[in-house]
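Trainee: Below are the structure tokens for one structure; questions will follow.
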Amino acid sequence: MKYNAGNVFSVLNALRRIGVEPLLTDDGEELRRADRVVFPGQGEASTAMAYLREHGLDEVIRSLTQPVLGICIGQQLMCRHSEEGDTDCLGIFNADVKRFTPQRHEDKVPCMGWNSLYNTASPIMEGIEGKYVYFVHSYYVPLCSNTIATADYILPYSAAMQRDNFYACQFHPEKSGSVGEQIIRNFLELK
């Protein structure tokens with residue numbers, strides 16, 4: 001999905017590497033007709049939500065019935081509210097996005113680097129328990145009923161989430177080597 005966020009081309013390239021030719025669009029009707037929708041990105045919550053609202057994509061995303069995968073800020077925007085810019089988001093997940101607060105000198109924000117996933121659940125996380133994936137983020141979603149994978153940085157948080165046909169990951173599967181490729185394949189193979 002095309003919207004006002006970065007890192008979209010890394011996701012397109014990751015899909016192409018596994019034999020999928022993606023369509024990059026912000027057209028609501030094309031998104032509704034798609035087999036799968038990937039909602040990627042890096043960026044700032046209020047700016048990204050403003051673009052979604054201005055183009056009617058907020059309502060389109062909420063109405064999708066096919067599998068949808070939010071990545072990084074995509075996961076955050078699928079939540080109810082973000083502390084980043086005091087932003088009301090899509091409300092797909094009944095959770096609020098918080099900013100990491102360092103507790104010790106060695107706690108750096110943003111969180112950048114490889115971290116392992118645990119307490120994995122859901123078909124999208126099949127075969128991923130204990131594996132390492134790549135994160136870059138200053139904001140996180142606390143553990144909640146939609147959490148399907150946990151990571152630790154300063155505190156345990158939602159590394160991945162699911163509600164019905166909506167899936168999301170805070171990490172970047174497109175930058176996580178063979179583990180990320182497996183997560184993307186798992187998403188593409190969902191029934």
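The values are calculated or read from the model by the stated rules, or taken from the named source; none is laboratory data. Nothing here was measured: the structure is a model prediction, and the numbers come from that model. Methodologically, a virtual Cβ is constructed for each residue, glycine included, from the backbone with ideal geometry; neighbour enumeration extends over all protein chains shown. These area figures cover heavy atoms from the full protein model, side chains too; ligands, DNA and RNA do not enter into them. Shrake-Rupley method; radii C 1.70, N 1.55, O 1.52, S 1.80 Å.
Trainee: Sort out which residues of segment 122-134 are buried (at least 16 other Cβ atoms within 10 Å of the Cβ) and in a loop (DSSP other than H, G, I, E, B), and write them in order of number.
Mentor: Within segment 122-134, Ser122, Ile128, Lys131 qualify.
Trainee: Got a number for residues in segment 158-181 being in contact with a Ser or Thr (Cβ under 9 Å, 6 or more places away or on another chain), surrounded by 19 or more Cβ atoms within 10 Å (Cβ to Cβ) and either among the hydroxyl-bearing types (Ser, Thr, Tyr) or assigned to a helix (DSSP H, G or I) (or both)?
Mentor: 3
Trainee: So, one more: Being within 23 Å of Ala50 (Cβ to Cβ), in a helix (DSSP H, G or I) and modelled with pLDDT of 90 or more is the filter here, so list the residues in segment 1-34 that pass it.
Mentor: Gly28, Glu29, Glu30, Leu31, Arg32, listed by residue number.
Trainee: Moving on to the next point. Out of contact with any strand residue (DSSP E or B) (no Cβ under 6 Å at 6 or more places or on another chain) and more than 22 Å from Leu77 (Cβ to Cβ): which single residue out of Gly130, Gly113 fits that description? Spell out how you get there, then give the answer.
Mentor: Values: Gly130 fails: out of contact with any strand residue (DSSP E or B) (no Cβ under 6 Å at 6 or more places or on another chain).
One residue alone meets the criteria, Gly113.
Trainee: Filter segment 135-157 down to the residues that are part of a strand (DSSP E or B) and in contact with a helix residue (DSSP H, G or I) (Cβ under 9 Å, 6 or more places away or on another chain), then identify the one that is nearest to Asn119 (Cα to Cα). Spell out the reasoning first.
Mentor: Initial filter on segment 135-157 (part of a strand (DSSP E or B)): 135-137, 139-140, 147-153, 155-157.
Okay, now just the ones that are also in contact with a helix residue (DSSP H, G or I) (Cβ under 9 Å, 6 or more places away or on another chain), so 136-137, 139-140, 148-149.
Working: Val136: 21, His137: 21, Tyr139: 20, Tyr140: 17, Ile148: 7, Ala149: 5 Å.
Top of the filtered list is Ala149.
Trainee: Moving to a separate point now. For segment 77-95, what are the residues that are part of a strand (DSSP E or B) and among the polar types (S, T, N, Q)? Steps first, answer last, please.
Mentor: Just the residues of segment 77-95 that are part of a strand (DSSP E or B), to begin with: 81-82, 87-88.
Across segment 77-95, the qualifying residues are Ser82, Thr87.
Trainee: Right, next: Kindly evaluate Asn119 against the criterion of being open to solvent by 40 Å² or more (accessible area, probe 1.4 Å) and over 18 Å from Ala14 (Cβ atoms). Talk me through it step by step, then tell me what you get.
Mentor: Values: open to solvent by 40 Å² or more (accessible area, probe 1.4 Å): yes; over 18 Å from Ala14 (Cβ atoms): yes.
Here the answer is yes, as Asn119 does meet what is asked.
Trainee: Additional query: Within the group Gly70, Gly74, which residue is touching a Gly at 6+ places or on another chain (Cβ under 9 Å), buried (at least 17 other Cβ atoms within 10 Å of the Cβ) and assigned to a strand (DSSP E or B)? Write out each step before concluding.
Mentor: On the way: Gly74 fails: assigned to a strand (DSSP E or B).
Selected residue: Gly70, the only one of Gly70, Gly74 that is touching a Gly at 6+ places or on another chain (Cβ under 9 Å), buried (at least 17 other Cβ atoms within 10 Å of the Cβ) and assigned to a strand (DSSP E or B).
Trainee: Can you give me the number of residues within segment 35-46 that are assigned to a helix (DSSP H, G or I), crowded, with 16+ Cβ neighbours inside 10 Å and among the polar types (S, T, N, Q)?
Mentor: Taking segment 35-46 and keeping what is assigned to a helix (DSSP H, G or I), we get 45-46.
Adding the requirement that they be crowded, with 16+ Cβ neighbours inside 10 Å leaves 45.
Imposing the further condition that a residue be among the polar types (S, T, N, Q) reduces the set to none.
Adding up the residues that qualify gives 0.
Trainee: Looking at (1) within 28 Å of Thr65 (Cβ to Cβ); (2) open to solvent by 30 Å² or more (accessible area, probe 1.4 Å); (3) of a type in the set (Val, Ile, Thr), which is the only condition Ile154 fails?
Mentor: Among (1) within 28 Å of Thr65 (Cβ to Cβ); (2) open to solvent by 30 Å² or more (accessible area, probe 1.4 Å); (3) of a type in the set (Val, Ile, Thr), the lone unmet condition for Ile154 is (1).
Trainee: Which members of segment 9-28 meet the condition of being open to solvent by less than 30 Å² (accessible area, probe 1.4 Å), of a type in the set (A, V, I, L, M) and free of Cβ contacts under 8 Å to residues at least 40 places away in the same chain?
Mentor: Leu12
Trainee: Taking segment 51-64, which residues are more than 17 Å from the chain's Cα centre (by Cα) and open to solvent by 50 Å² or more (accessible area, probe 1.4 Å)?
Mentor: Arg53, Glu54, His55, Glu59, Ser63
Conditions (1) within 22 Å of Phe39 (Cβ to Cβ); (2) of a type in the set (A, V, I, L, M), marked per residue:
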{"residue": "Asp107", "(1), (2)": "no, no"}
{"residue": "Ala121", "(1), (2)": "yes, yes"}
{"residue": "Pro142", "(1), (2)": "yes, no"}
{"residue": "Ala151", "(1), (2)": "yes, yes"}
{"residue": "Gln170", "(1), (2)": "yes, no"}
{"residue": "Val179", "(1), (2)": "yes, yes"}
